[in-house]
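Reviewing the structure listed below.
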Amino acid sequence: MNPMKRTPAGKTFLSRKRNLVIPLLLLAAGYIAYSNSFHCSFHWDDIPAIVDNEAVRSGDAFAQLSTWADINFRPLSMFTFFLNWQSGGSVVWPFHLVNFLFHIATSILVFYLTRYTVQLVLPDNRLEKRLVTAAALFAALLFLLHPVQT
């Protein structure tokens with residue numbers, strides 16, 4: 001295939017490949033930073049929030065609409081904890097894996113949202129696309145790797 005040949009959407013083969021580099025880079029950086037957490041035990045607030053939490057163990061609370069409306073309960077987090085508990089009980093690494101995958105996906109979204117926002121704010125000729133991509137990558141890496149995330 002000719003790398004410069006345009007597809008019907010107008011993207012070259014090389015530009016489509018380049019679109020995979022950023023998510024893979026974020027995945028690699030996240031794995032390097034967080035891979036040591038997959039074999040840890042539950043700590044601190046994990047015991048009351050997951051192990052001793054009846055809603056996570058039984059799942060009855062998720063059938064009530066009021067559970068989903070209570071943001072202090074963190075219903076989406078608790079629901080993923082419930083699904084993890086149902087699939088593996090108190091085995092810790094699936095909890096860490098799901099959390100890791102959500103964090104990677106959110107970092108990828110931060111990259112694309114930042115790049116889109118910068119391109120909206122600045123006219124096309126003010127910044128090169130490389131600089132916009134670099135700024136968006138920096139924002140995504142900061143979100144992904146900053147110690148406050150742990």
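The values are calculated or read from the model by the stated rules, or taken from the named source; none is laboratory data. In this text, all values refer to a predicted model and were calculated from it rather than measured experimentally. Ideal geometry is used to build each Cβ from the backbone, glycine not excepted, and the neighbour counts take in all protein chains shown. Areas reflect the complete protein model, heavy atoms only, side chains present, ligands, DNA and RNA absent. Shrake-Rupley method; radii C 1.70, N 1.55, O 1.52, S 1.80 Å.
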From PRO48, PRO94, which residue is modelled with pLDDT of 80 or more, over 30 Å from ALA134 (Cα atoms), of a type outside the set (Asp, Glu) and touching a helix residue (DSSP H, G or I) at 6+ places or on another chain (Cβ under 6 Å)?
PRO94
Please list, ordered by first then second residue, the pairs with beta carbon atoms under 9 Å, 6 or more apart or interchain, first in segment 38-53 and at negative phi and open to solvent by 50 Å² or more (accessible area, probe 1.4 Å), second among the basic types (Lys, Arg) and modelled with pLDDT of 80 or more.
none
Looking at the structure I just gave you, is PRO23 modelled with pLDDT of 80 or more and open to solvent by less than 100 Å² (accessible area, probe 1.4 Å)?
yes
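Being open to solvent by less than 80 Å² (accessible area, probe 1.4 Å) and either closer than 14 Å to ASN99 by Cα or at pLDDT 80 or above (or both) is the filter here, so list the residues in segment 71-85 that pass it.
Within segment 71-85, PRO75, SER77, MET78, PHE79, THR80, PHE81, PHE82, ASN84, TRP85 qualify.
From VAL92, VAL98, VAL132, VAL110, which residue is farther than 25 Å from PHE38 by Cα, among the hydrophobic types (A, V, I, L, M, F, W, C) and surrounded by 15 or more Cβ atoms within 10 Å (Cβ to Cβ)?
VAL132
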Expected single match for more than 30 Å from ILE47 (Cα to Cα), part of a helix (DSSP H, G or I) and out of contact with any Ser or Thr (no Cβ under 6 Å at 6 or more places or on another chain) among ALA139, ALA135 is ALA135
